[in-house]
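> Once you've had a glance at the structure underneath, I'll fire off some questions.
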Amino acid sequence: MSFSASIPPTDDLHPIDIVETLAEHHAWEFDRVGDDQIAMAVEGKWRTYSLTLAWSGAEETLRLICTFELDPATARLPALHDLLNRVNDTVWTGAFTYWHDQRLMVWRYGLGLAGGQTAAPEQIDALIVQAVAACERFYPAFQLVTWSDRAPAEALKVAIAEAYGRA
């Protein structure tokens, strides 16, 4: 049975209600911050990621933000920004940015649902999985650039690529 089969079909289903049901299904820690926002923690291989999903009815957009702490030395910020540009050139969905004041690496994505569209549970689940996968893939490169003298191009080479087949 698909996950969406466990959610009753309705045109009035709020996107954050779907996210809350997904969080319960996956046993992710979550906090329903408000009617239009939910925060949760998703365990990755490298660390636990903080995710926030918020619905803007005015913009008809479901916004996903996935963060993890990163505190580079000031001297390494130019290399980090270079790496961010290189990383963002390789991803298809979302983008990374660094919030210096909060010391957070951020993966951001906005799902437009104009015209009263509703996102399917599988679609929202895929957004969350893709966000965590992007953070997991590039986390080692961010660490190499911020905590060693590795050049951005060299650090990007260690980004864990999607494997195909079996060994």
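> Give region 47-71 a look and list any residue that's more than 16 Å from ILE16 (Cα to Cα), open to solvent by 70 Å² or more (accessible area, probe 1.4 Å) and within 14 Å of the chain's Cα centre (by Cα), or say none.
GLU69
> I would also like to ask the following. Out of GLU59, GLU24, report the one residue that is out of contact with any His (no Cβ under 7 Å at 6 or more places or on another chain), farther than 20 Å from ALA114 by Cβ and outside any strand (DSSP E or B).
GLU24
> State whether the residues of region 90-112 include one that is touching a residue at least 60 places away in the same chain (Cβ under 8 Å), open to solvent by less than 20 Å² (accessible area, probe 1.4 Å) and of a type outside the set (Gly, Ala, Ser).
No, region 90-112 contains no residue that is touching a residue at least 60 places away in the same chain (Cβ under 8 Å), open to solvent by less than 20 Å² (accessible area, probe 1.4 Å) and of a type outside the set (Gly, Ala, Ser).
> Please find, within region 25-46, the residue that is modelled with the highest pLDDT out of those that are touching a Phe, Trp or Tyr at 6+ places or on another chain (Cβ under 6 Å) and open to solvent by 30 Å² or more (accessible area, probe 1.4 Å).
Ranking the qualifying residues of region 25-46, first place goes to ASP36.
The values are calculated or read from the model by the stated rules, or taken from the named source; none is laboratory data. Since this is a predicted model, take the numbers as computed values, not measurements. Cβ: placed from backbone, ideal geometry, glycine included. Neighbour counts: every protein chain shown. Accessible surface is based on the protein model in full, side chains and every heavy atom, while ligands, DNA and RNA are left aside. Shrake-Rupley method; radii C 1.70, N 1.55, O 1.52, S 1.80 Å.
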